[in-house]
Structure formats: C-alpha cells, structure tokens
C-alpha cells in the first residue's frame, strides 16, 4: 500500500444541505457529482458527501454515527485491491467486504482498522492515478 | 478557505497498536511523532493517530465513537484561522472552539459541519504550506 489517501467520504443526513455548506466554504463540486453523491477536488485527493446509511452499509458498519467517515485508497488495478486487502489482513484488519465488482464500474473491498476506522480499497477506472499517487476528478 | 484538507486524525484507543498497523501497511512515522501522537506523510497531506478521548475533547465532542475522525485545514497565519472560522459560521457551522493559541505553539479553532463532522482550522508555524497547499512533515 502506498502511503496516501485518495478519498474521504463524509456520511450526511441531508445531501443538498451538506453540499451547500462545502460550496459556501470554497469547495467546487466536480461534474462526477450526482443527486446521490457530491465529489470535490481537495488538493491531490477528493472529498465526498454521501448518504450516511448508504455509506454505513457500504463500509460494513451497522450504524454510522455523526462524525463518522470512510477513507479510501485507490489503486491501479483490481489485482492491487486484492493485494492491499491481504496486506491489511496480515496487519490485523477486519475485512468487512472482499474485493468485488461495483455498481459504478470499478472493483473494491473494505476493511476496518483495529479501532474500527473504515477504509475502502478501490480500483476506479474512471479516476486515473498520477505518478505521484494523486487523483484528479473530472 | 482553499479547497484542500491538511490532516486527518483518527481517534484510537491503543496508540502503539494503531501505529504498528499503519506502519505494517506502508506508512512511515514522521520525526514529528511522539509517545502521544503519530504523524504519517500521506501524499501532500498528513494522517495522524491520537488518543480517542483527547481528540474528542479537542474537537468539541462529548463522545468519540469508533470510526470518528477530525479533519484539519491548515492556513498561513493566525488571522487566516479566524477568517475561515467566520466563513464557516456564515455557512452554518457550529463553532465549538474559537481561535486560540495552542500548547503546541500554533493557533487553532474547531467547528462542526451541519452533520457533526469535526474540523480544526490551524496555523502551525512548524509545518510550512507549499504554494499548492500541500504540507510536508519533518
């Protein structure tokens, strides 16, 4: 696993309200945003806003309290997803969702670190990764 | 506020265990780390591990559930901290800690977004900010 974070997703209860808040603060929604999710370029990574319950289900948590988030690490191939999951398992992670194709056309897995922090490991063919590991939204 | 995130701090219950987990995954602890906190360079930003209760107190939350984190946005001066706090207040944030000098030699404030996600806005004179907004740990 390269030492970098690709995406931070905040679980929200009211997406239009949350999107408006971050837009007022100076973040610009990417064209990758939809009615269900908002993405903002944040330096070389992305900030996302998504329904709190959907995020909890996707992240293998039964509840998603206020202030809970999911971190994502994007890799360059589906095989790299599986490799990072095995590294995480060996380091003591709990694998909550093994690598599988996603509805958005990628391949991803999810694990929890020893304190319950949720990570998604993802290959997203629509979001190229630069040589330095940064990502750039549409 | 520039659209970027400087630091993600994960609240942990056992710092040596958490630090070991991330080191096994490929993150390298910065020399800025101490017995109380671990910092890892993660692309142009930093990942931190800190005692869950200390983070909750610093972030204005009464409890810090598993999976909760604090995001930080570093700025170039104490005056910029106060300016971002006023932007956040106008956008609907709850200010939980007004700008004040910190024990680590900086100046910071904290707010919660409309969903309760905690942000710290900080001027850390020991962590210079590059032209592109990235930070580089020692």
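The values are calculated or read from the model by the stated rules, or taken from the named source; none is laboratory data. Since we're looking at a predicted model, the values are computed, not measured. Neighbour counts run over all protein chains shown; Cβ positions are idealised from the backbone, glycine included.
If you go through the range B:17-24 one residue at a time, do you hit one that is closer than 12 Å to residue B:69 by Cβ and in contact with a helix residue (DSSP H, G or I) (Cβ under 7 Å, 6 or more places away or on another chain)?
No.
Check every one of the helices (runs of 4 or more DSSP H) wholly within the range B:2-113 and list those with 3 or more residues that are modelled with pLDDT of 95 or more, more than 27 Å from residue A:135 (Cα to Cα) and within 16 Å of the chain's Cα centre (by Cα).
In the range B:2-113, B:78-91 are the helices (runs of 4 or more DSSP H) which contain 3 or more residues that are modelled with pLDDT of 95 or more, more than 27 Å from residue A:135 (Cα to Cα) and within 16 Å of the chain's Cα centre (by Cα).
To keep it simple, each residue is scored yes or no on (1) closer than 24 Å to residue A:123 by Cβ; (2) free of Cβ contacts under 8 Å to residues at least 24 places away in the same chain.
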site: A:16; (1), (2): no, yes
site: A:25; (1), (2): no, yes
site: A:38; (1), (2): yes, yes
site: A:57; (1), (2): yes, yes
site: A:77; (1), (2): yes, no
site: A:81; (1), (2): yes, no
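Results for (1) facing chain A (nearest Cβ under 10 Å); (2) closer than 22 Å to residue A:93 by Cβ; (3) touching a strand residue (DSSP E or B) at 6+ places or on another chain (Cβ under 6 Å), shown as yes or no for each residue.
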site	(1), (2), (3)
B:1	yes, no, no
B:4	yes, no, yes
B:9	no, yes, yes
B:13	yes, yes, no
B:17	yes, yes, no
B:23	yes, yes, no
B:28	yes, yes, no
B:34	no, no, no
B:39	no, yes, yes
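Only one of (1) touching a residue at least 40 places away in the same chain (Cβ under 8 Å); (2) on the phi > 0 side of the Ramachandran plot fails for residue B:105. Which number is that?
(1)
Check the range A:115-128 and report whether any residue there is in contact (Cβ under 8 Å) with a residue 12 or more places away in the chain, more than 9 Å from chain B (Cβ to nearest Cβ) and part of a helix (DSSP H, G or I).
Checked against the condition, which is being in contact (Cβ under 8 Å) with a residue 12 or more places away in the chain, more than 9 Å from chain B (Cβ to nearest Cβ) and part of a helix (DSSP H, G or I), the range A:115-128 yields no hits at all.
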